[in-house]
Amino acid sequence: MIVKRIIPCLDVKEGKVVKGTNFVSLRELGDPVQMASLYSQHGADEIIFLDISATNEGRQTMIDIVRETANQVFVPFTVGGGVRTVEDMTTLLKAGADKVGMNSAAVANPDLITEGANRFGSQCIVVAIDAKWFEDGWHVMTHGGKVDSGLDALEWAKTVEEKGAGEILLTSVDTDGVKDGFDIRLTKAVVDAVRIPVIASGGCGSPEHFPEVFQKTDVSAALAASIFHENTFTIGEVKDTCVREGVSIRESGF
Amino acid sequence: MIAIVDYGMGNVASVTMAFKRLGYEVILTDDQNKLRAASHIVLPGVGSFQAAMDEIEQRGLLDFLKEMAQEKPFLGICLGMQLLFSEGYEGGKTKGLDLIPGTVERIETDYLLPHIGWNGLEIKPGNDAFQPYEGKHVYFVHSFQAKTDKDFLVATSEYGTEVPAIVKKDHVYGIQFHPEKSGEVGVNLLKTFLQEVAYVSHSSN
């Protein structure tokens, strides 16, 4: 049987790993290739880089990071952030990324999903959805969670599946950085709305939050960032907790 | 020297690095002289069956690769594994390399497609070299699977149906998942392949 995936996410700005709380107040953490390699050794099932560079130099640096990661890391990795054209996808995939993620650009031009899927296959295309709860439901937020697109998140999830996305990276803007657990209600709603794998993100603060989201929803994977970077707990501890709670995961090492 | 066939289908940096990490010299090429000089040939690939066979034909490699598969250890990975079979149905019915009897068809399952993620291996009896991999998880990304005789199955994975994971006929091997993305288990599997085929070629001499 296929197992649940535990994914550390590295936010990269101008070549350095950073992490904010509620999408603001960034601070530097370290070297992305070293951190990805370390996480892979610790049993990460996949790694996600989110490039939040503000400059062209920063984006160029990201391509070097992708190339170096492909040389050193033997688990799949996704790169998102700043992907706006098929050419951007080509550059990242050629440098060695297994999948590319897109967010605001897909909202602005949903056909970009189809173009990417036709060219590289759906399995390469991850659409990131940042969702925030309003009185009338969840809205899709863009530009790092700051701008309300007005789109309904569940409808948008169905649209990205139709357009050819292979996976959805779902971040709850409401729970991100709060460390009180994943947004179960949102995750369940999106997982039940689509037939493609969903990665839950936002709100993880303890190892128990992983088995919780796996048991209360049919989500395929769950992601966390700061808790791993700050050594609050390790990927190994998360996996031990999952095993204890009866969640099927991949054993690390050989 | 291990030669990886360069035919423009997908990124091969990780496959190359995985062999290098095992201490082997690796060359990425579509040059027939260089491929002929190699000890092992690896056919990687990501993309569609039809597009891949078109690329192989356009580079004049079709008959050459079939010839090489008779002469030396040959390993197809992911799409490269699917191309080993007689024909594929992705992007229209297309003839494959026909090195292993069978077809490549869309996975029939109630589970989500593509089959993405880490799945456990079930090793078939009689494949002692691969027995240590029983239950180990490896990384899959595909929507099509081989349909072949059970005699050619080395390992399978359960995904609402039995998905061939490792196949073998003589010294032609195919791996459906991505060993180069399957952590320590995957790198070790490549080593097992290299050791296993070395043994087979010695014993057949």
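The values are calculated or read from the model by the stated rules, or taken from the named source; none is laboratory data. Only a predicted model underlies this, so the values are computations on that prediction, with no experimental measurement involved. Methodologically, a virtual Cβ is constructed for each residue, glycine included, from the backbone with ideal geometry; neighbour enumeration extends over all protein chains shown.
For the range A:106-128, the candidate set comprises residues that are within 14 Å of chain B (Cβ to nearest Cβ) and part of a helix (DSSP H, G or I); within that set, the residue that is surrounded by the fewest Cβ atoms within 10 Å (Cβ to Cβ) is A:Asn118.
Conditions (1) farther than 21 Å from B:Val15 by Cα; (2) among the polar types (S, T, N, Q); (3) facing chain A (nearest Cβ under 10 Å); (4) within 14 Å of the chain's Cα centre (by Cα), marked per residue:
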| residue | (1), (2), (3), (4) |
| --- | --- |
| B:Asp128 | yes, no, no, no |
| B:Leu153 | yes, no, no, yes |
| B:Glu158 | yes, no, yes, no |
| B:Thr161 | yes, yes, no, no |
| B:His171 | no, no, no, yes |
| B:Gly174 | no, no, no, yes |
| B:His178 | no, no, yes, yes |
| B:Leu190 | no, no, no, yes |
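The single residue among B:Ile100, B:Ile123 that is more than 13 Å from chain A (Cβ to nearest Cβ), under 26 Å from B:Glu67 (Cα atoms), among the aliphatic types (A, V, I, L, M) and crowded, with 16+ Cβ neighbours inside 10 Å turns out to be B:Ile100. Looking at the range B:4-84, the helices (runs of 4 or more DSSP H) lying wholly inside it that each contain 1 or more residues that are more than 19 Å from B:Phe193 (Cβ to Cβ) sit at B:13-21, B:32-37, B:49-58, B:62-71. Considering B:Ser14, B:Ser39, the condition of being of a type in the set (S, T, N, Q), away from chain A (no Cβ under 14 Å), within 20 Å of B:Tyr173 (Cβ to Cβ) and in contact (Cβ under 8 Å) with a residue 12 or more places away in the chain is satisfied by B:Ser39 alone. Evaluated against (1) more than 14 Å from chain A (Cβ to nearest Cβ); (2) under 27 Å from B:Ala3 (Cα atoms); (3) among the hydroxyl-bearing types (Ser, Thr, Tyr), B:Tyr133 falls short on exactly one condition, (1). Taking the numbered list (1) crowded, with 22+ Cβ neighbours inside 10 Å; (2) outside any strand (DSSP E or B) in turn, A:Ala131 passes all entries but (2).
Number of residues in the range A:214-254 that are modelled with pLDDT of 95 or more, among the hydroxyl-bearing types (Ser, Thr, Tyr) and under 19 Å from the mean Cα position of the chain (by Cα): the value is 2.
Here B:Val167 fulfils each of the conditions (1) outside any strand (DSSP E or B); (2) away from every other protein chain (no Cβ under 14 Å) apart from (1).
Only one of the numbered conditions (1) under 16 Å from the mean Cα position of the chain (by Cα); (2) more than 28 Å from A:Ala165 (Cα to Cα); (3) free of Cβ contacts under 8 Å to residues at least 40 places away in the same chain is not met by B:Leu84, and that is (3). Look at the range A:177-203: where a residue is in contact (Cβ under 8 Å) with a residue 12 or more places away in the chain and within 28 Å of A:Glu230 (Cβ to Cβ) and a partner is part of a helix (DSSP H, G or I) and among the aromatic types (Phe, Trp, Tyr), sitting 6+ places away or on another chain with Cβ atoms under 9 Å, you get A:Phe182/A:Phe210; A:Ala200/A:Phe214.
I'd like to check something: does the range B:58-78 contain any residue that is under 23 Å from A:Gly116 (Cβ atoms) and more than 14 Å from chain A (Cβ to nearest Cβ)? The answer is no, given that none of the residues of the range B:58-78 is under 23 Å from A:Gly116 (Cβ atoms) and more than 14 Å from chain A (Cβ to nearest Cβ).
Screening the candidates A:Thr69, A:Thr61 for the property of being surrounded by fewer than 24 Cβ atoms within 10 Å (Cβ to Cβ) and either within 14 Å of chain B (Cβ to nearest Cβ) or in contact (Cβ under 8 Å) with a residue 12 or more places away in the chain (or both) yields one hit, A:Thr61.
Filtering the range A:87-105 for residues that are part of a loop (DSSP other than H, G, I, E, B), away from chain B (no Cβ under 13 Å) and over 16 Å from the mean Cα position of the chain (by Cα) leaves an empty set. Could you say whether any residue in the range A:150-170 is touching a residue at least 40 places away in the same chain (Cβ under 8 Å), surrounded by fewer than 23 Cβ atoms within 10 Å (Cβ to Cβ) and in a strand (DSSP E or B)? Scanning the range A:150-170 turns up at least one residue that is touching a residue at least 40 places away in the same chain (Cβ under 8 Å), surrounded by fewer than 23 Cβ atoms within 10 Å (Cβ to Cβ) and in a strand (DSSP E or B).
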